[in-house]
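Right, one structure below, let's go through it.
The values are calculated or read from the model by the stated rules, or taken from the named source; none is laboratory data. All of these numbers come straight from a predicted model, not from anything done at the bench. Only protein heavy atoms, including side chains, enter the accessible area calculation; ligands, DNA and RNA are left aside. Shrake-Rupley method; radii C 1.70, N 1.55, O 1.52, S 1.80 Å.
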Amino acid sequence: MIPGLRTSIAGFALLGLSGCVPVHVQTTPLITGSVFDSKTRAPIAGASVYCMRYPDHPVTSSSDGSFRMPPIKEWQLVPIASDLMDPFCKLVTEASGYGADIEYISLDREQPTLIYLHQARNKP
């Protein structure tokens, strides 16, 4: 028998009895959009955009303000009868000279997300 195979089989059997299985799931879809100045409507290059749940996976808006966030996949222990993808993402957008923006994005939407940032106020 292959070394470790018996342990692996026993481990999967116990997980199955618990009602959970390890699955490599896509937890977010592809998210696309653009970042603009709320007052001038000019595109904002260099803005950082990420899902609050995944701060280690930011993307940066390009010179025309557009961004493309690829789907994120992770290993999860999920109940056998479970919905694998959270239906919402708290999308965080930050850029130098602007206040941060947090928007709730429905993950089943297909159109690009438009984000308008407000310029940061100078403290007196």
Would you please give the residues with an amide H less than 5 Å from that of Ile31, counting only those at least 5 places away or on a separate chain, with H modeled from the backbone geometry? Met69
Can you give me the solvent accessible area of Leu114 with a 1.4 Å probe, rounded to the nearest 10 Å²? 90
Heavy atoms of Asp37: accessible area, 1.4 Å probe, square angstrom to 10: 0
Quick one: Karplus J couplings for the stretch 108-115, per residue in order, coefficients 6.51, -1.76, 1.60, θ = phi - 60°, nearest Hz, x for Gly and Pro? 9, 6, 10, 7, x, 8, 9, 10
Heavy atoms only, probe 1.4 angstrom, no DNA, RNA or ligands counted: give me Met69, Met52 ranked by accessible area, highest first. Met52, Met69
Accessible area, probe 1.4 Å, largest first, for residues Tyr50, Tyr104: Tyr104, Tyr50
Residues with amide H under 5 Å of Phe88's amide H, sequence separation 5 or more or different chain, H placed in the peptide plane at 1.01 Å from N; which? Leu107
